[in-house]
1. Can you work out the FRET efficiency for the pair Ala131 and Arg159, with r the C-beta to C-beta distance and R0 = 22 Å, to the nearest 0.05?
2. Under 30 Å between C-alpha atoms is the cut-off here; go through the chain and count lysine pairs that meet it, provided they're at least eight residues apart or on different chains.
3. Please label the shape of segment 120-161 as rounded, prolate or oblate, based on the square roots a ≥ b ≥ c of the eigenvalues of the alpha-carbon gyration tensor (a/c under 1.5 means rounded; beyond that, a/b larger than b/c means prolate, else oblate).
4. Shape of segment 85-161 from its Cα gyration tensor (a ≥ b ≥ c, root eigenvalues): rounded if a/c is under 1.5, otherwise prolate when a/b > b/c, or oblate?
5. State the Cα centre-to-centre distance between segment 127-150 and segment 63-91 in whole Å.
6. Could you work out [θ]222 nm for the chain from helices alone, using -39500 (n - 2.57) per DSSP H run of at least four and dividing by all its residues? Round to the nearest 500 deg cm²/dmol.
7. Specify the angular offset, from 0 to 90 degrees and rounded to the nearest 10, of the alpha carbon long axis of helix 25-139 from the longest principal axis of the alpha carbons in the chain.
8. For the chain, take the longest principal axis of its alpha carbons; what is the angle in degrees between that and the long axis of helix 142-160, to the nearest 10 within 0 to 90?
Amino acid sequence: MAFDATFFAFVGLVLFLALIAYLKVPGMIAEALDKRADNIRDELEQAKRLREEAQALLAEYQRKRKEAEAEAAHIVAVAEREAAALTEEARQKTEEFVARRNALSEQKIRQAEADAIGAVRSAAVDLAIAAAQQVIAAKADAATQQSLFEKSIGQVKTRLN
């Protein structure tokens, strides 16, 4: 029986497969693949957990941003209301000030008119008295002047008492 190269290649292949089976290479390969699959699974779970944490953080930051925007809007609204109130208060105070100034000016004008009327009356009375004195002095004699003087003194005494 002659053994050719094919037979020896076949025997070598069988010995190689027996050696691989004896050394439990398929088990080691399966174990390595299982470890690799477990590592990949763990990495996927970790990635999923990190993604969920990232989404939770994103949701929290979005909520905080919305709260901050709402608070900012509230602050702006309060500031606008306060500004409007201050503007209205300033307008009212200005109107009151103008009204007081107008009233004071009108009062001063009325007082000035009254003073002017009083001064004109006083001047008119003084002028009338002077004119009456001149007329009486020119037309009255000493006896008439004496009786008018006594009559005036009597009126003064009655008014003083």
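Values quoted throughout were computed directly from the atomic coordinates according to the rules given, and no laboratory measurement underlies them. All values derive from a computational prediction rather than experimental measurement. Positions of Cβ are generated from backbone atoms using ideal geometry, with glycine treated the same way; all protein chains shown enter the neighbour counts.
1. 0.40
2. 7
3. oblate
4. oblate
5. Distance between centres, Cα-based: 86 Å.
6. So the calculated ellipticity at 222 nm is -35500 deg cm²/dmol.
7. 10 degrees
8. Roughly 40 degrees, rounded to the nearest 10.
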